[in-house]
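Student: My questions will all concern the structure given below.
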Amino acid sequence: MRVLLLSIFAHILSDFVFQTTKMIKEKDAMILKGFLYHGLSTFVAILILLIEYNFFTTIIYATIITLVHVIVDYYKARLTCDGKNTIEYEKRMGRSLVLFLTDQIVHIISIIFIWKSFDFTTERSIIKLLVIIEKLFPFKQNVVEVINNSNTFIDANFKLFTEKQIIYAIIYAYICFGGAVFVPKFLDFLYKKIPNYTEKMFEDEISQIEKQVNIGKYIGIMERALILTIYIEGSITGIAAVITTKSLARFSKLNNKDFAEYYLIGTFTSFSLAIAGGLLLKFILK
């Protein structure tokens with residue numbers, strides 16, 4: 001089960017943390033480089049997180065998952081647009097949310113099926129890696145010998161993370177970083193009849209800094225992390241404080257009816273995701 005959990009966490013890191021906006025645009029435009037870089041990040045994430053297991057098995061496992069991942073993303077991109085964004089805007093926005101959710105479900109199911117086909121054994125792969133590095137770049141002191149003589153370092157039964165810690169990491173990553181993709185797609189779906197709706201509604205209110213830095217994305221990530229933590233700790237009243245603080249920051253813009261509706265939908269969607277994550281976490285770990 002640990003391998004499965006680590007694989008899912010690697011998928012989340014690859015899709016929502018390591019994947020850049022440039023890579024997403026290249027994939028949407030059907031440019032091979034975008035798929036290759038994304039596949040590489042998936043492969044490396046799995047390889048690093050499964051470092052405690054048999055290296056040869058992990059290489060094959062990571063390769064298969066990466067290939068399936070890239071193939072799924074390729075067909076998702078084909079269905080989202082035709083590579084030139086000539087599909088009608090409303091139709092594309094309508095597809096985007098459904099394809100995003102379907103894509104995530106297919107990725108998780110494929111990881112489960114591939115995981116079931118492998119038998120993993122714990123191995124001190126990190127030691128073998130250090131041996132290779134030491135041969136290429138000799139250390140002043142034999143690092144491997146130091147590690148082997150250390151009672152505080154890893155042994156054959158070493159577990160880098162417990163299953164509980166990995167589950168926490170998965171939920172937090174999916175809610176915080178996955179939510180940064182889901183919330184805009186959900187809003188795009190709701191406003192699909194209005195092309196470039198944010199620019200039309202707030203062209204005089206969105207600064208160049210906000211456009212370039214995309215500060216709203218990072219605020220959303222932090223707010224979901226905060227709400228999720230508050231909910232898990234049982235301090236429900238703290239959620240009201242977060243809502244109040246966020247509203248004060250946007251108070252001057254709430255006179256704009258269009259913005260107020262957009263803001264409320266986005267905020268409640270983001271908060272609902274965080275609370276749903278908390279409920280799921282409590283249910284899994286109870």
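Student: Order these by the 10 Å Cβ neighbour count, fewest first: Glu261, Glu52.
Tutor: Lowest count first: Glu261, Glu52.
Student: I've got another one for you. Would you tally the net charge around Gln104, using a Cβ to Cβ cut-off of less than 12 Å, leaving Gln104 out, and scoring K and R as +1, D and E as -1?
Tutor: Net charge in that neighbourhood comes out at -1.
Student: Could you put Ser117, Ser270 in order, starting from the residue whose Cβ has the fewest other Cβ atoms within 10 Å?
Tutor: Placing the least packed residue first, the sequence is Ser117, Ser270.
Since every read-out is calculated from the coordinates, none of them should be taken as a lab result. These numbers come from a predicted model, not from an experiment. Cβ sites come from the backbone with ideal geometry, for glycine too, and all protein chains shown count toward neighbours.
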